[in-house]
Amino acid sequence: MTLRSRIESALAGLEARARPWAERSPWQRRVWEFALFWAKQAWACLFGILMLALLFSTHMLWPHDAQLARYDFMVLASVAIQIALLATKLERWEEALVILIFHITGTVMEIYKIAHGSWFYPEPSVLRIMGVPLFSGFMYASVGSYIARATRLFAIRYERYPPLWSTWLLALLAYINFFSHHYVIDIRLGLFVFSALIFWRTRLFHTIDRKERAIPLLAVFVFVAFLIWGAENIATFAVAWIYPSQADGWHPVRIEKMGAWYLLMLLSFVLVSMVHRPERAAHR
C-alpha cells in the first residue's frame, strides 16, 4: 500500500468515526464541515506548508558557521520534497510539469525584479542564478501545487466559466506587466478590472463533505491571494527574501502586495487549467 493510500484510508476511518457525532444536529454538522474545510485546505497546501516549515526552522536553527549555506540547503531540501511528493503519488506527474513551468516563469521574473531592486536575498549561496537562489522557484511552485491539489480535493466545477482565450490573455498581460511597469504605465488596475469583468458571473462549485456548495470565483481569488500574502510575511520574517524597507528590521509586508499576488495567482490558476481543464457545472 502506498503512502497516499494509507493516508486516504486513515482519513476515511476518521470520517467514519466522526460521522455519527456530526449527524446529531445541524450545528454539529456545520462544525464538522468547518473543520473538514480547513483540514482539506491544509492538505491542499502541503507543499507550501512544508516549504514554510523549512524556511522558518532553518532561520531559527541553522548554524551561522555551517559549511553548507542555508539557502543552498533549502534548494536541496526543496528538490527532496518535490521528489518525495511524486514518489508517494501525493502529486501527479502532469501537475508537476505545469508547476515546473510556473517555477521557471517565477524564476525569470525574480531575476528581473532583483536587477531592479524590488527585493533581495541577503544570505550567501552557491546555487543561484544572477542573484536568485534556486529555492525561490519552489515558492512559486507551491502556489501551483495548492491550486492543483485543491481542485481534486474539493471536486471543483464551474458555472459560467469565461472563454479560455480570455483567461490566457489576462494571465499573459499580468505577466508582461510585472516587467513592463518599470518602463511604461502600470496597467495593474486595468488588469483587476479585466479579471472582474470576465469572472464576475463565474461561480465555483465545491464539495467539502457531502453537499456541493457554490461561491463566487472572485471571492476565492481574493481569499487565496490573502493566504499567499500571509505566507509571504512568514517567509520574509524567516529571511527567505526581504524588501528594501525591511533591511533595517522586519515589519509586515504592506497589504497592497496582495494585488501582486492576486495577479501571480491568476497566472498559476491559468497554467493549472492546462492539466485540470475547468469542469463545467450544470447551469443552475
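Readers should treat all values here as calculations from the given coordinates under stated rules, not as data from a laboratory. Computed from a predicted model, the values in this text were never measured in an experiment. Quick reminder, even Gly has a Cβ in these numbers, built from the backbone with ideal geometry, and neighbours come from all protein chains shown.
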Item to complete: Classify the range 135-242 as rounded, prolate or oblate, taking a ≥ b ≥ c as the square roots of the eigenvalues of its Cα gyration tensor: rounded when a/c is under 1.5, otherwise prolate if a/b is larger than b/c and oblate if not.
Response: oblate
Discussion item. At 222 nm, what value in deg cm²/dmol follows for the chain if DSSP H runs of at least 4 each add -39500 (n - 2.57) and the sum is divided by all its residues, to the nearest 500?
Written reply: -21500 deg cm²/dmol
Item to complete: Just subtract the alpha-carbon distance of I83 and W43 from 0.36 nm times their residue separation and send over the number in nm, one decimal.
Response: 12.7 nm
Practice prompt. With a length cut of 20 Å (Cα positions projected on each helix's long axis) and a Kyte-Doolittle mean of at least 0.5, go through the chain and give me the DSSP H helices that pass.
Written response: 46-61, 70-87, 93-115, 164-180, 217-237, 257-272
Discussion item. What's the longest uninterrupted piece of the chain once you rule out the GluC sites (Glu not before Pro) that are loop residues per DSSP with at most 12 other Cβ within 10 Å?
Written reply: 24-255
Fill in: Answer label, with semi-axes √(5λ) of the Cα gyration tensor in Å calculated from the coordinates and candidates (1) 36, 24, 15; (2) 32, 26, 17; (3) 38, 22, 17
(2)
Worksheet entry | the range 119-197: trypsin sites (Lys or Arg not before Pro) in DSSP loop, at most 15 other beta carbons within 10 Å | R160
Practice prompt. Report, ordered by chain and residue number, the lysines lying within cross-link reach of K113, taken as a straight Cα distance under 18 Å and ignoring same-chain residues fewer than 8 apart.
Written response: K257
Worksheet item: Using the beta-carbon distance between V108 and E33 and R0 = 30 Å, what value does 1/(1 + (r/R0)^6) give for FRET efficiency, to the nearest 0.05?
Response: 0.15
Fill in: Long-range tail of P(r) for the range 61-175 (Cα pairs > 22 Å, %)
46 percent
Worksheet item: Can you put H182, H103 in order, fewest other beta carbons within 10 Å first?
Response: H182, H103
Worksheet item: Label S9 and D186 with points 7 Å out from Cα along Cα→Cβ: what is the distance between them in nm?
Response: 5.4 nm
Item to complete: Take F102, F192 and order them by how many other Cβ atoms sit within 10 Å, fewest up front.
Response: F192, F102
Worksheet item: Under a straight-distance cross-link criterion of Cα-Cα below 22 Å, which lysines are reachable from K89, leaving out those fewer than 8 residues away in the same chain?
Response: K40
